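Below is one structure; the comments refer to it alone.
The values are calculated or read from the model by the stated rules, or taken from the named source; none is laboratory data. Keep in mind the model is a prediction, meaning the values are calculated, not measured. As a convention, Cβ positions derive from the backbone with ideal geometry for all residues, glycine included, and neighbour counts pool all protein chains shown. To get the accessible areas, we keep the full protein, side chains included, count just its heavy atoms, and leave off ligands, DNA and RNA. Shrake-Rupley method; radii C 1.70, N 1.55, O 1.52, S 1.80 Å.
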Number of protein chains: 2
Amino acid sequence: MEFPIRQLTILGSTGSIGENALRVVSEHPDRLRVLGLSAFVNAERLIRQAQEFHPAYVWIGDTSAYKQVEQALHSTDIRVLTGRDGLLEAASDNRADLVLNAIVGSAGMEPTLAAIRQGIDVALSNKESLVMAGAVINQALSEHEVNLYPVDSEHSAIWQCLQGEQLTQVQRLLLTASGGPFRETPLEQFQEITVEEALDHPNWSMGRKITIDSATMMNKGLEVIEAHWLFHIPPADIEVVIHPQSIIHSLVEFHDGSVKAQLGVPDMKGPIQYALLYPDHVAPQWERLDLIEMGALTFEAPDMEKFPALRLAYRALEQGGSLPAVMNVANELAVQAFLDGEISFPAITDTVESVMEAHRIIREPNLEDIRETERWTKGIFETKLVT
Amino acid sequence: MEFPIRQLTILGSTGSIGENALRVVSEHPDRLRVLGLSAFVNAERLIRQAQEFHPAYVWIGDTSAYKQVEQALHSTDIRVLTGRDGLLEAASDNRADLVLNAIVGSAGMEPTLAAIRQGIDVALSNKESLVMAGAVINQALSEHEVNLYPVDSEHSAIWQCLQGEQLTQVQRLLLTASGGPFRETPLEQFQEITVEEALDHPNWSMGRKITIDSATMMNKGLEVIEAHWLFHIPPADIEVVIHPQSIIHSLVEFHDGSVKAQLGVPDMKGPIQYALLYPDHVAPQWERLDLIEMGALTFEAPDMEKFPALRLAYRALEQGGSLPAVMNVANELAVQAFLDGEISFPAITDTVESVMEAHRIIREPNLEDIRETERWTKGIFETKLVT
């Protein structure tokens with residue numbers, strides 16, 4: 001079969017998702033070509049990627065890294081961009097058929113919107129885009145008739161389960177969660193959790209921010225909000241179930257009680273490839289799931305006392321408006337403070353909660369309101385810091 | 001939403017599948033109406049069903065039962081049919097939009113073909129139709145542009161997982177099996193298994209023939225063959241995995257390693273309703289699956305030594321031709337002999353194997369060849385009986 005080649009821009013190409021995406025591109029030179037790459041600070045890796053994949057341009061955020069990349073690619077015809085405008089230019093170059101947004105954190109929101117407003121389909125790993133600006137993004141998707149493809153394994157699972165089905169017949173979504181490294185740690189020991197322990201995820205190999213979010217379960221909270229905006233399902237019909245093996249990536253229950261699940265080994269290349277080559281399930285099979293070897297798949301209810309982040313996320317989603325953006329930005333700052341050794345592990349969510357409580361919600365925020373909310377959160381953050 | 005009402009003929013209406021199907025009809029008077037019902041011998045139940053659902057006709061096989069039904073429905077405008085021709089007339093009345101064939105055993109084969117040849121879609125619970133005459137049925141489906149909807153929970157699961165997907169991207173099918181009541185019984189004790197023990201299935205409430213087939217795992221063997229004809233997947237890519245909880249009803253693995261599963265409580269009303277109202281997953285939700293209450297889903301490899309029926313079924317499918325029909329007919333007779341107390345539990349499959357070994361395979365059998373094979377098997381059966 002002949003397929004059209006998709007021109008791909010990868011934002012956040014030097015992170016874990018970006019690197020895996022480039023492995024997918026290498027496996028499918030007949031299907032995918034790289035138009036642009038972007039990285040925040042990792043000059044060496046970006047240079048190596050540029051040399052291998054020959055994009056039309058690369059973007060790099062950090063000023064001294066910019067000089068290094070500029071110099072290294074001097075003799076090539078690869079343009080080197082930097083600065084906020086450069087990033088939005090990269091995101092909205094409509095020679096791309098698809099933008100994979102794998103930027104970490106709220107910095108990913110505007111590039112997502114920039115791509116959509118240029119009519120470019122987006123494969124979204126940056127869940128913060130939807131958490132911050134779900135309604136604004138859905139509005140833009142509808143105006144520009146653009147597709148948003150999930151890259152998170154949970155949302156990819158739901159998306160796959162919904163193929164050939166009608167959203168109106170969905171009873172509920174079941175997002176699975178590994179429970180992270182502290183599923184079995186007693187609450188009394190949470191105060192003593194170290195950065196190293198929190199970065200040691202049992203199943204998934206991921207970046208630092210998302211690994212800490214998995215340890216607090218804020219990641220699952222962000223995913224509940226993401227699922228709401230992706231699939232238009234009310235918060236009360238989105239449930240979280242702890243599944244320590246991370247084999248069932250998520251499930252959809254229909255009105256008749258039939259439940260569909262998508263399963264696989266915990267490897268992000270699967271969901272990334274599905275988003276990039278949608279709707280095809282083509283080889284290579286990265287790794288084969290062996291249920292018999294697995295032996296058992298287990299399930300538990302999440303512990304909301306140990307993991308208050310989940311409760312905060314449901315509250316943010318239910319109260320809505322600008323509150324999810326506040327939660328997300330406060331969480332980014334709190335995770336950084338924890339990684340920097342400034343606050344304890346339980347203080348991450350305590351701080352987020354105290355910032356949320358200080359916020360006066362803006363109803364139906366537009367992009368400018370969300371930017372303002374981001375500034376407000378950054379401004380108040382230090383004063384609300386719980387240690 | 002408005003839906004057209006589907007006229008439904010239920011063959012085998014007094015059995016477990018038929019009774020459940022009528023419960024589905026009762027729940028959806030706006031979607032389903034009963035055109036015809038058939039039963040082999042249970043006059044009382046057929047009369048009760050006829051009085052409740054007012055079909056245009058009923059068919060009953062047994063001669064004295066016929067008199068009873070005839071008398072009971074004398075004052076109604078419900079026609080009462082009997083005899084082989086009457087059954088084929090009922091199956092092929094093309095006022096029906098759908099025939100649910102829930103006849104037990106090889107007797108269901110010709111009604112399936114009769115319906116297809118009249119251009120009527122068939123919801124197939126009678127797996128023996130496909131085991132006996134898979135190629136002939138697929139040929140007829142294609143000639144008459146008719147749909148065959150699976151009713152078995154495993155095949156319904158696969159069918160649901162394949163919605164919106166391409167068969168060409170399937171890597172393999174994984175049929176789950178509970179393992180039946182003797183999964184943990186040591187082989188040394190198989191000789192002593194009683195009829196009562198074999199009829200005590202751990203998860204599913206079903207008729208006697210299929211319950212014994214589940215205990216020997218011949219049922220799973222028949223399902224492997226059924227899956228091959230329904231989904232056009234080679235035998236080597238159809239695997240059986242033991243899953244004692246019967247919650248995952250089956251799985252499909254795609255070329256990229258992504259696996260889809262369909263789950264639900266073990267209740268046949270789910271798959272029956274899906275086949276009758278396809279492609280809708282509409283309420284009522286018969287019973288809700290609670291994964292957290294389940295706790296664990298487990299998986300094991302099937303034990304081919306304890307359950308040789310599975311090996312026989314793969315051999316029958318791989319060698320093909322008339323051999324699956326021989327296996328199926330010999331199995332029906334052997335199960336009856338076991339139920340009648342004539343042979344031991346292990347002798348069921350031993351007898352089937354010895355009949356299969358005596359058979360000279362007819363290649364690409366037509367319907368007449370299959371009928372002849374059925375007669376040959378019945379003729380030789382007594383001489384091959386292992387006790």
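Name every residue in segment A:292-306 that is within 7 Å of chain B (Cβ to nearest Cβ) and either among the aromatic types (Phe, Trp, Tyr) or surrounded by fewer than 19 Cβ atoms within 10 Å (Cβ to Cβ) (or both), in order of residue number.
Residues satisfying the conditions are A:292, A:294, A:295, A:296, A:298, A:299, A:300, A:301.
Is segment A:369-380 home to any residue that is within 23 Å of the chain's Cα centre (by Cα), more than 26 Å from residue A:196 (Cα to Cα) and aliphatic (A, V, I, L, M)? Yes, there is a match, as at least one residue in segment A:369-380 is within 23 Å of the chain's Cα centre (by Cα), more than 26 Å from residue A:196 (Cα to Cα) and aliphatic (A, V, I, L, M). For the structure I just gave you, tell me whether residue A:108 is under 30 Å from residue B:282 (Cβ atoms), assigned to a helix (DSSP H, G or I) and more than 14 Å from every other protein chain (Cβ to nearest Cβ). When the stated conditions are applied, residue A:108 does not pass them.
With respect to residue A:313, determine if the residue is closer than 22 Å to residue A:199 by Cβ and under 19 Å from the mean Cα position of the chain (by Cα). Spelling it out, residue A:313 is indeed closer than 22 Å to residue A:199 by Cβ and under 19 Å from the mean Cα position of the chain (by Cα). Of the candidates B:276, B:289, the single residue that is more than 17 Å from the chain's Cα centre (by Cα) and either open to solvent by less than 10 Å² (accessible area, probe 1.4 Å) or closer than 30 Å to residue B:31 by Cβ (or both) is B:289.
Flag set for residue B:188, criterion: free of Cβ contacts under 8 Å to residues at least 12 places away in the same chain and either within 27 Å of residue B:345 (Cα to Cα) or crowded, with 18+ Cβ neighbours inside 10 Å (or both). Scanning segment A:258-276 for residues that are of a type outside the set (Val, Ile, Thr), part of a helix (DSSP H, G or I) and more than 8 Å from every other protein chain (Cβ to nearest Cβ) turns up A:269, A:271, A:275, A:276. Taken together, the criteria exclude residue A:101 from residues that are closer than 22 Å to residue A:113 by Cα and modelled with pLDDT under 95. For beta carbons closer than 6 Å, sequence separation of 6+ or different chains, a first residue in segment A:80-96 that is in contact (Cβ under 8 Å) with a residue 24 or more places away in the chain and a second that is in a loop (DSSP other than H, G, I, E, B) and of a type in the set (A, V, I, L, M, F, W, C), the qualifying pairs are A:94/A:120; A:96/A:120. Only helices (runs of 4 or more DSSP H) whose full extent lies in segment B:150-255 are considered here, and the ones with at least 1 residues that are of a type in the set (A, V, I, L, M, F, W, C) and away from chain A (no Cβ under 14 Å) are B:195-198, B:208-216, B:218-231. Pairs meeting the criteria (first residue in segment B:134-153 and farther than 24 Å from residue B:267 by Cβ, second residue crowded, with 19+ Cβ neighbours inside 10 Å and polar (S, T, N, Q), beta carbons under 8 Å, at least 6 apart or on different chains) are B:137/B:112; B:137/B:129. For segment A:191-216, filtering for residues that are of a type in the set (Asp, Glu), farther than 11 Å from residue A:339 by Cβ and either more than 21 Å from the chain's Cα centre (by Cα) or surrounded by fewer than 19 Cβ atoms within 10 Å (Cβ to Cβ) (or both) leaves 3. Exactly one residue out of A:330, A:316, A:334 is in a helix (DSSP H, G or I), open to solvent by less than 50 Å² (accessible area, probe 1.4 Å) and within 30 Å of residue B:295 (Cα to Cα), and it is A:316.
Can you name every residue in segment A:19-54 that is open to solvent by 80 Å² or more (accessible area, probe 1.4 Å) and either in a helix (DSSP H, G or I) or aromatic (Phe, Trp, Tyr) (or both)? Within segment A:19-54, A:23, A:27, A:40, A:44, A:48, A:51, A:52 meet the criteria.
Which of the residues spanning segment B:277-291 are within 7 Å of chain A (Cβ to nearest Cβ), under 25 Å from residue B:34 (Cα atoms) and of a type outside the set (Gly, Ala, Ser)? Let's see the steps before the verdict.
Step one: list which residues in segment B:277-291 are within 7 Å of chain A (Cβ to nearest Cβ), which gives B:280-283, B:285-289, B:291.
Filter again for under 25 Å from residue B:34 (Cα atoms), leaving B:280-283, B:285-287.
Correct list: B:280, B:281, B:282, B:285, B:286, B:287.
Would segment B:333-355 turn up any residue that is away from chain A (no Cβ under 14 Å), at pLDDT 95 or above and under 18 Å from residue B:134 (Cβ atoms)? No: zero hits.
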